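Here is the structure we will look at, set down as structure tokens.
The values are calculated or read from the model by the stated rules, or taken from the named source; none is laboratory data. Just so it is clear, the model here is predicted, and its values are computed rather than measured. Using ideal geometry, Cβ is built from the backbone for each residue, glycine included, and neighbour counts are taken over all protein chains shown.
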Amino acid sequence: MKATRIAYSARLNPGKYAALVEQARRLGRVRSEVWQRYGSIAGVGSGLTDRQVRDRWLTDGTHTLFGVLANAWKETVRDAMADIAANLAAAKVDVRRAINRRTNDPAECRRMFTALKADQWADDPFLARQMRKHWRRGRNRTHDQIVVRADKYNTAADGRGRLWLAIPGLRPRKLVKIPLSTTVAPTGTLRLIVRGGRVEVHYQIDAGQMRSSQRPCGEATIGVDKGYTEALTDSDGEPHGAGLGGLLSSESDRLKERNRRRAKLRSIANTAGLRGDHAKAHRIKANNLGTIKRDRQAARHRARVRTEIFTAVHEVVDKAATVIAEDLTKRFTGRKNLLKNVNRRLAAWTKGVTAEALKNVS
């Protein structure tokens with residue numbers, strides 16, 4: 001089992017940030033090219049792997065169009081091909097359900113399942129129709145990521161205890177050194193996301209490395225029910241995560257007010273642009289309608305919610321050896337007659353995080 005960890009840059013030099021943004025933009029063109037050529041039914045029919053795509057690009061000279069180092073675009077091709085495969089696999093789940101609804105004949109089901117797994121469904125009218133229905137042609141929208149192989153970067157600590165991450169830049173043998181806000185060196189393949197004026201370094205670790213934080217569970221058998229005002233209520237009537245409702249409601253109300261004000265400013269900017277006052281429209285959009293602060297506030301809110309929910313689940317598991325929970329994947333029903341404010345708050349209900357916490361903590 002893998003767990004993802006994120007390290008952040010600390011006081012990154014603007015010149016380095018601009019260089020990383022440019023590198024991510026060029027690698028975004030690589031992703032777009034992969035999706036354009038192989039993210040469709042015709043691309044699946046080619047049956048190419050990421051290594052075969054790399055060899056073909058090296059032969060026909062496609063790799064010279066991007067202006068990045070070899071390892072950078074090769075890792076991006078591998079990552080994009082994996083995304084396409086995951087996108088295709090998700091569509092096949094719906095097609096398998098359609099097959100089960102269509103026929104009860106075991107032999108016919110086996111035949112269609114085999115053709116679907118081997119990507120030989122183009123000649124079957126039913127399978128082709130279902131795949132075209134459930135697998136829409138993809139399009140790359142990722143232009144802020146850099147994938148770095150495990151042997152292409154190094155980390156070092158300076159005399160002040162700060163950890164530095166050095167990764168390849170756009171020029172050969174020219175490393176970009178990034179100061180990190182952690183003293184724990186990342187390992188394995190890195191995914192750098194360049195946004196909001198800083199760099200996020202995503203990497204994976206084995207869950208076995210976190211065993212020092214594990215603790216024994218209880219002995220009881222407990223049923224739990226998800227809630228809005230509290231994360232969980234167990235069968236003993238004890239609530240867990242009582243602060244969840246307050247977090248969700250206050251954030252939802254804050255977003256409502258802020259978005260109302262942003263909509264008013266956007267309207268003023270649009271009106272100014274129509275009247276020819278483009279300078280005023282630009283000032284409003286540049287200074288009042290940005291997303292950097294909004295995204296950071298949203299990330300902090302998600303972190304607080306996850307902490308509240310995971311703490312609640314840990315409290316339950318401290319009491320129980322067996323936890324019985326309802327299906328947390330069901331959609332809401334009967335919300336049409338609720339008040340607008342109630343609907344808005346329920347829309348932010350993080351039952352998916354609760355399901356994830358129950359699975360991971362147990």
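Within the stretch 105-137, take every residue that is polar (S, T, N, Q) and at pLDDT 90 or above and give me the one that is surrounded by the fewest Cβ atoms within 10 Å (Cβ to Cβ). If you could, list the steps in order and put the result at the bottom.
So in the stretch 105-137, the residues polar (S, T, N, Q) come out as 114, 120, 130.
Filter again for at pLDDT 90 or above, leaving 114, 130.
Working: THR114: 11, GLN130: 23.
The residue in question is THR114.
Against the condition in contact with a Phe, Trp or Tyr (Cβ under 8 Å, 6 or more places away or on another chain), at pLDDT below 90 and closer than 16 Å to THR233 by Cβ, how does ALA357 come out, does it pass?
Values: in contact with a Phe, Trp or Tyr (Cβ under 8 Å, 6 or more places away or on another chain): yes; at pLDDT below 90: yes; closer than 16 Å to THR233 by Cβ: yes.
Yes: the conditions hold for ALA357.
Residues in the stretch 11-28 that are surrounded by fewer than 17 Cβ atoms within 10 Å (Cβ to Cβ), on the phi < 0 side of the Ramachandran plot and among the charged types (D, E, K, R): LYS16, GLU22, ARG25.
Would you please name the residue that is surrounded by the most Cβ atoms within 10 Å (Cβ to Cβ), looking only at residues in the stretch 158-179 that are in a strand (DSSP E or B) and of a type outside the set (A, V, I, L, M, F, W, C)? Once the filter is applied, the top-ranked residue is PRO168. In the stretch 120-141, the residues that are over 18 Å from ARG102 (Cα atoms) form Cβ pairs under 9 Å with partners that are part of a helix (DSSP H, G or I) and aromatic (Phe, Trp, Tyr), at six or more places apart or across chains, as follows: ARG137/TRP35; GLY138/TRP35; ARG139/TRP35; ASN140/TRP35.
Of the residues LEU175, LEU116, LEU163, which is of a type in the set (A, V, I, L, M), over 25 Å from the mean Cα position of the chain (by Cα) and farther than 30 Å from LEU27 by Cα? Steps first, answer last, please.
Values: LEU175 fails: farther than 30 Å from LEU27 by Cα; LEU163 fails: farther than 30 Å from LEU27 by Cα.
None of the other options fit; the residue is LEU116.
When ALA85 is tested against (1) surrounded by 17 or more Cβ atoms within 10 Å (Cβ to Cβ); (2) of a type in the set (A, V, I, L, M, F, W, C); (3) without any contact (Cβ under 8 Å) to a residue 12 or more places away in the chain, exactly one condition is not met: (1). Quick check on the stretch 91-103. Is at least one of its residues more than 25 Å from the chain's Cα centre (by Cα), surrounded by fewer than 14 Cβ atoms within 10 Å (Cβ to Cβ) and not in a helix (DSSP H, G or I)? Yes - at least one qualifying residue is present in the stretch 91-103. The condition (being under 21 Å from THR307 (Cα atoms) and in contact with a Pro (Cβ under 6 Å, 6 or more places away or on another chain)) is satisfied by just one residue among GLU251, GLU230: GLU230. Check whether at least one residue in the stretch 15-26 is over 21 Å from THR189 (Cα atoms) and at pLDDT below 90, and report yes or no. Looking for residues that are over 21 Å from THR189 (Cα atoms) and at pLDDT below 90, one finds none in the stretch 15-26, hence no.
Residues to consider are THR182, THR155; find the one that is outside any strand (DSSP E or B), out of contact with any Asp or Glu (no Cβ under 9 Å at 6 or more places or on another chain) and among the hydroxyl-bearing types (Ser, Thr, Tyr). Break it down stepwise before answering.
Working: THR155 fails: outside any strand (DSSP E or B).
Sole residue among the options that is outside any strand (DSSP E or B), out of contact with any Asp or Glu (no Cβ under 9 Å at 6 or more places or on another chain) and among the hydroxyl-bearing types (Ser, Thr, Tyr): THR182.
With respect to the conditions (1) within 30 Å of ARG173 (Cα to Cα); (2) surrounded by 15 or more Cβ atoms within 10 Å (Cβ to Cβ); (3) free of Cβ contacts under 8 Å to residues at least 60 places away in the same chain, ASP55 lacks only one, and its number is (2).
Mind counting the residues in the stretch 185-194 that are assigned to a loop (DSSP other than H, G, I, E, B) and touching a helix residue (DSSP H, G or I) at 6+ places or on another chain (Cβ under 8 Å)? Please lay out each step first, then the result.
Narrowing the stretch 185-194 to residues assigned to a loop (DSSP other than H, G, I, E, B): 185-189.
Adding the requirement that they be touching a helix residue (DSSP H, G or I) at 6+ places or on another chain (Cβ under 8 Å) leaves 187-189.
Number of matching residues: 3.
Residues that are touching a helix residue (DSSP H, G or I) at 6+ places or on another chain (Cβ under 6 Å) number at least 2 in the following helices (runs of 4 or more DSSP H) confined to the stretch 1-68: 14-38, 50-60.
Residues in the stretch 292-307: is at least one crowded, with 17+ Cβ neighbours inside 10 Å and under 20 Å from GLU326 (Cα atoms)?
In the first step, residues of the stretch 292-307 are kept if they are crowded, with 17+ Cβ neighbours inside 10 Å; the result is 301, 305.
Checking which are under 20 Å from GLU326 (Cα atoms) leaves us with none.
No - not one qualifying residue is present in the stretch 292-307.
Filtered by the rule that a residue be part of a loop (DSSP other than H, G, I, E, B), within 29 Å of SER249 (Cα to Cα) and either under 21 Å from the mean Cα position of the chain (by Cα) or at pLDDT 90 or above (or both), the stretch 262-310 gives LEU289, THR291. All told, THR311 falls short of being in the same structural domain as GLY246 (by TED's automatic domain parsing) and surrounded by fewer than 14 Cβ atoms within 10 Å (Cβ to Cβ).
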